[in-house]
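Enquirer: Dropping the structure in here first, questions after.
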Amino acid sequence: LSTTASFSILLLPNQVVQEDKFFTVVLESNQARVGIGPLNVTNVTVTESGSVELLFDPDTYAVMESGGEVRVCVVKVGAADIPLPFQITTFELPSQATSDMDFSQLSLVLTVPPDKNRTCFSINITDDSTLESDESFFVRLTPLSDKVVSNVIASVLIKDDDANVIGFTESNLFVSEGSGSVDVTIRRVGTSARTLTVTIFTFDLTAEAPQDYSKITQVVQFDSNDMQHTIAVPVHADHVLEANE
């Protein structure tokens, strides 16, 4: 004759993601005439059913090209008392920032430890002297634990700071009619590592060419480390009494 009996064991749920856990149920009797069979122990595995998220915080970044690096952070959303490993990989898209030219390619495994909610890492940014548009690259987070449900991407915008401004050093110049010429100076502000050209030309207001001055149209080239140029504009003397022009 064989009979069975069942009983329930209460499992207490929580909101913390943990490793699977185990306990043992043992069958014994203190009655003299009750024999216990060879299978008197059974093991119970409590499988973790919860999950957490790993997210970039924030998921968009902007850095100046001369900034050297960008600091990217990953945060844990939810409670977990186990380490949460993840893979970080940078990638690029056509016509955007290029690895090894604009940033250092990165592929590494990191972990958010149980006692922390945030892990950060740095990506090197390459500074150059090329005048270009702002460009982006991207960072992918891939979880390496079945307890993590995230698979997210962050974007990093590299802002070009190689712009040059070329302008006159003076907004108004005064010259005597008999001085023969007036010196006009233009100056570059910004990086000096590249060659640039600008065009200088004159046009009449109250003074008129050629009787009052000689018109000029001149291309001025700023070579590397060249920051300033001065151009002489001829001024003609006449013997006519007239107002300032």
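Enquirer: Just to verify a result, which residue in segment 180-197, among those that are open to solvent by less than 60 Å² (accessible area, probe 1.4 Å) and either in contact with a helix residue (DSSP H, G or I) (Cβ under 6 Å, 6 or more places away or on another chain) or hydroxyl-bearing (S, T, Y) (or both), is nearest to F222 (Cα to Cα)?
Expert: S192
Enquirer: Here's a follow-up. Quick one: in segment 19-31, which of the residues that are modelled with pLDDT of 75 or more and not β-branched (V, I, T) is farthest from A79 (Cα to Cα)?
Expert: Step one: filter segment 19-31 for residues modelled with pLDDT of 75 or more, giving 21-31.
Going one step further and asking which of them are not β-branched (V, I, T), we end up with 21-23, 27-31.
On the way: K21: 17, F22: 20, F23: 23, L27: 36, E28: 39, S29: 42, N30: 44, Q31: 47 Å.
Once the filter is applied, the top-ranked residue is Q31.
Enquirer: Can you tell me which residues in segment 49-76 are outside any strand (DSSP E or B) and open to solvent by less than 40 Å² (accessible area, probe 1.4 Å)? Lay out the reasoning, then the answer.
Expert: As a first pass, look at segment 49-76 and keep what is outside any strand (DSSP E or B): 49-51, 57-59, 65-68.
Across segment 49-76, the qualifying residues are G50, E65, G68.
Enquirer: Being assigned to a strand (DSSP E or B) and either exposed (fewer than 12 other Cβ atoms within 10 Å of the Cβ) or of a type in the set (G, A, S) (or both) is the filter here; which residues of segment 198-210 pass it? Write out each step before concluding.
Expert: Going residue by residue through segment 198-210, those that are assigned to a strand (DSSP E or B) are 198-201.
Across segment 198-210, the qualifying residues are T199, F201.
Enquirer: Just the residues that are at pLDDT below 90 and open to solvent by 80 Å² or more (accessible area, probe 1.4 Å), please, taken from segment 211-242.
Expert: Q211, N225, H239, V240, L241, listed by residue number.
Enquirer: May I ask you to list pairs of residues, at least six apart or on different chains, whose Cβ atoms are under 8 Å apart, with the first in segment 159-181 being within 21 Å of M64 (Cβ to Cβ) and the second being assigned to a loop (DSSP other than H, G, I, E, B) and open to solvent by 60 Å² or more (accessible area, probe 1.4 Å)?
Expert: K159/D134; D160/L131; D160/S133; D160/D134; D162/T130; D162/L131; A163/L131; N164/L131
Enquirer: Can you name the residue in segment 77-95 that is closer than 13 Å to V112 by Cα and touching a Leu at 6+ places or on another chain (Cβ under 8 Å) and, of all such residues, is most open to solvent (accessible area, probe 1.4 Å)?
Expert: V77
Enquirer: With V16, V41, V34 as the choices, which residue is among the β-branched types (V, I, T), modelled with pLDDT under 80 and either over 39 Å from the mean Cα position of the chain (by Cα) or open to solvent by 100 Å² or more (accessible area, probe 1.4 Å) (or both)?
Expert: Answer to the check: V34.
Enquirer: Which one of Q96, Q87 is in contact (Cβ under 8 Å) with a residue 12 or more places away in the chain, not in a strand (DSSP E or B) and not charged (D, E, K, R)?
Expert: Selected residue: Q96, the only one of Q96, Q87 that is in contact (Cβ under 8 Å) with a residue 12 or more places away in the chain, not in a strand (DSSP E or B) and not charged (D, E, K, R).
Enquirer: Here's a follow-up. May I ask you to list the residues in segment 106-164 that are hydroxyl-bearing (S, T, Y) and either in a strand (DSSP E or B) or exposed (fewer than 15 other Cβ atoms within 10 Å of the Cβ) (or both)?
Expert: Let us first name the residues in segment 106-164 that are hydroxyl-bearing (S, T, Y), namely 107, 111, 119, 122, 126, 129-130, 133, 136, 142, 145, 150, 155.
Result: S107, T111, T119, S122, S129, T130, S133, S136, T142, S155.
The values are calculated or read from the model by the stated rules, or taken from the named source; none is laboratory data. None of these values were measured; they are calculated from a predicted model. Note: ideal-geometry Cβ built from the backbone for every residue, glycine included; neighbour counts use all protein chains shown. These area figures cover heavy atoms from the full protein model, side chains too; ligands, DNA and RNA do not enter into them. Shrake-Rupley method; radii C 1.70, N 1.55, O 1.52, S 1.80 Å.
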